[in-house]
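Beneath this line is the structure, given in structure tokens, with notes to follow.
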């Protein structure tokens, strides 16, 4: 349970990161139509404009993880609460309940079943949101970090934005990333990435509220045990 929670929480964090800065890898090539560079620029601008206006959201999620070691895919479901102020809460409901909270310069992972807590200092909120969520990055900066292309899916009325990491620190882990966005929201509703070793993760998002007030104290977790510092995703050398 402990290793499972840590793995799932890391995948969810990574998918959110990638999702809010764009991308997705198609599995419907017959329906896909390549788009021009000019159209790609329009799509990226629309996504960035939506990002700039995004303050909060609540979304249900379903994550499907496939690896060579698993006979059947590992499916996780739950809910995500997001605030642009630098706070995110992930409530995993199945297969095992656990909580992940990003707030107050820390990542906190809480396993209510095992009654265990792990934390990691993440440093500057602005540096973290930029590094892991792409907030504050210009399109030029995004293109410096990723080779970007897109295709249209006429069947669903969606665009599939494809990212290929240029930085070795990312490309040595991730081979391709894709994000599916519909023009009605310009937010990722499905994300899919393939790792270098062949494992894949798909994250489906169903938005329940966008730019509305979040429940009071949603980013407060009553921790029953002492926090344990772990290695992880510091952004300022810690």
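The values are calculated or read from the model by the stated rules, or taken from the named source; none is laboratory data. In this text, all values refer to a predicted model and were calculated from it rather than measured experimentally. Neighbour counts run over all protein chains shown; Cβ positions are idealised from the backbone, glycine included.
Points to keep in mind about this one:
- Of all positions in segment 6-26, at least one carries a residue that is modelled with pLDDT under 90, more than 20 Å from residue 205 (Cα to Cα) and within 16 Å of the chain's Cα centre (by Cα).
- Of the residues examined, residue 123 is not one that is modelled with pLDDT under 85, in contact with a strand residue (DSSP E or B) (Cβ under 7 Å, 6 or more places away or on another chain) and either more than 28 Å from residue 106 (Cα to Cα) or surrounded by fewer than 18 Cβ atoms within 10 Å (Cβ to Cβ) (or both).
- Any hit, segment 89-101, residues being free of Cβ contacts under 8 Å to residues at least 60 places away in the same chain, under 25 Å from residue 217 (Cβ atoms) and within 16 Å of the chain's Cα centre (by Cα): yes
- Hits in segment 55-82 (condition: more than 13 Å from residue 203 (Cβ to Cβ) and surrounded by 17 or more Cβ atoms within 10 Å (Cβ to Cβ)): 56, 57, 58, 81, 82
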